[in-house]
1. Run down PRO196, PRO115, PRO185 and say which single residue is more than 14 Å from the ligand (Cβ to nearest atom), within 22 Å of ILE66 (Cβ to Cβ), touching a residue at least 40 places away in the same chain (Cβ under 8 Å) and more than 10 Å from the chain's Cα centre (by Cα).
2. Which one of these is touching a Lys or Arg at 6+ places or on another chain (Cβ under 6 Å), buried (at least 18 other Cβ atoms within 10 Å of the Cβ) and more than 30 Å from PHE210 (Cα to Cα): VAL31, VAL42, VAL65?
3. Of everything in region 109-129 that's part of a helix (DSSP H, G or I) and of a type in the set (Gly, Ala, Ser), which residue is surrounded by the most Cβ atoms within 10 Å (Cβ to Cβ)?
4. For region 99-122, what are the residues that are in contact with a helix residue (DSSP H, G or I) (Cβ under 7 Å, 6 or more places away or on another chain) and more than 27 Å from VAL187 (Cβ to Cβ)?
5. For region 15-30, give me each residue that is part of a helix (DSSP H, G or I) and either within 11 Å of the ligand (Cβ to nearest atom) or under 19 Å from GLU95 (Cα atoms) (or both).
6. Tally the residues that are touching a Phe, Trp or Tyr at 6+ places or on another chain (Cβ under 6 Å) and free of Cβ contacts under 8 Å to residues at least 24 places away in the same chain, restricting the search to region 241-258.
7. Being over 19 Å from HIS22 (Cα atoms) and modelled with pLDDT under 95: is that true of ASP135 here?
8. What tally of residues in region 78-108 results from selecting those that are away from the ligand (no atom under 12 Å from the Cβ), closer than 25 Å to SER119 by Cα and in a helix (DSSP H, G or I)?
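The values are calculated or read from the model by the stated rules, or taken from the named source; none is laboratory data. Just so it is clear, the model here is predicted, and its values are computed rather than measured. Cβ placement follows ideal geometry from the backbone for every residue including glycine, while neighbour counts extend to all protein chains displayed.
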Amino acid sequence: MSTGPAPGFGRAKKALGQHFLHEQAYIERIVDAVSPRPGDRVVEIGPGQGALTLPLLRRHGALTVIEFDRDLIAPLTRAAAGDGELEVIHRDVLEVDFTALAGDGPPLRVVGNLPYNISSPILFHMIDHSAAIADMHFMLQKEVVERMAAAPGSREYGRLSVMLQAACLVMPLFEVPPQAFRPPPKVDSAVVRLAPRPAGEAGIDDPARFAAVVRAAFGQRRKTLRNALSGLCGPEHFEAAGVDPGSRAERLSLEEFVRLSNASATG
Ligand code: SAM
């Protein structure tokens, strides 16, 4: 299998997490999972050489893409000519204000085979803008998708699971093997759908407080909650929340984290 550049494009850049999808069957499955409908505003993160961009554009007629690698932009624009209306934003996705991008229009449908080296920061960034997003379809490291969807008590359960599940419904869709990419990554991949929950649905009174409690609890996951949260939650807060202070973060459900952070936020 060739790992050289596609015609018109340079070599893949490792530092930018460039692993380009080339297996048609997986490309079609992702585009089918998104199934853009008339009027949808579709935004792709990291279009690369256009593996998803071109089929999405042909199907939907319009697409906004966010790409950091300047070298990819001219060949991508050329490749897309005649396929539809392509808006290219040349920027680091972590600096894109998705709320402003959505503006007064419909909430965004975001798609991306993400650069794996910065997938967690991207996911946290998207959570911050989830009110402006209708749904997201992301290709990620399989292990990251397992962490996102993990249930309390499992080895994979952690801060990413709690923070994402507080903000979104997390639906793992299917796995993708390394050979589907050029060059192949060293890990298995998976596609996940994220559907932001309506504002307030998780019942969190103070999002900053909730984030601080979750961060501290998993920052020292081997300690009991009493110790890990000593600066944030006292015995009265555990009692008010109905949470055992002798338990550990990995055992606590999302609802228990919400109750504990709400109890500690109110005094
Ligand atoms: N979508 C293409 C595909 O499926 O073949 C490329 C996917 S590749 C895994 C990740 C893409 O994200 C690359 O095009 C890379 O240049 C781009 N990228 C990396 N870091 C980025 C960043 N901070 N902001 C925007 N794009 C980035």
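1. PRO196
2. Just a single option satisfies the conditions, and that option is VAL42.
3. Checked region 109-129; the qualifying residue surrounded by the most Cβ atoms within 10 Å (Cβ to Cβ) is SER119.
4. Residues satisfying the conditions are THR99, ALA102, PRO107, LEU108.
5. If the condition is that a residue be part of a helix (DSSP H, G or I) and either within 11 Å of the ligand (Cβ to nearest atom) or under 19 Å from GLU95 (Cα atoms) (or both), then ALA15, LEU16, TYR26, ILE27, ILE30 are the ones that fit.
6. Qualifying residue count, region 241-258: 1.
7. no
8. Total meeting the criteria: 5.
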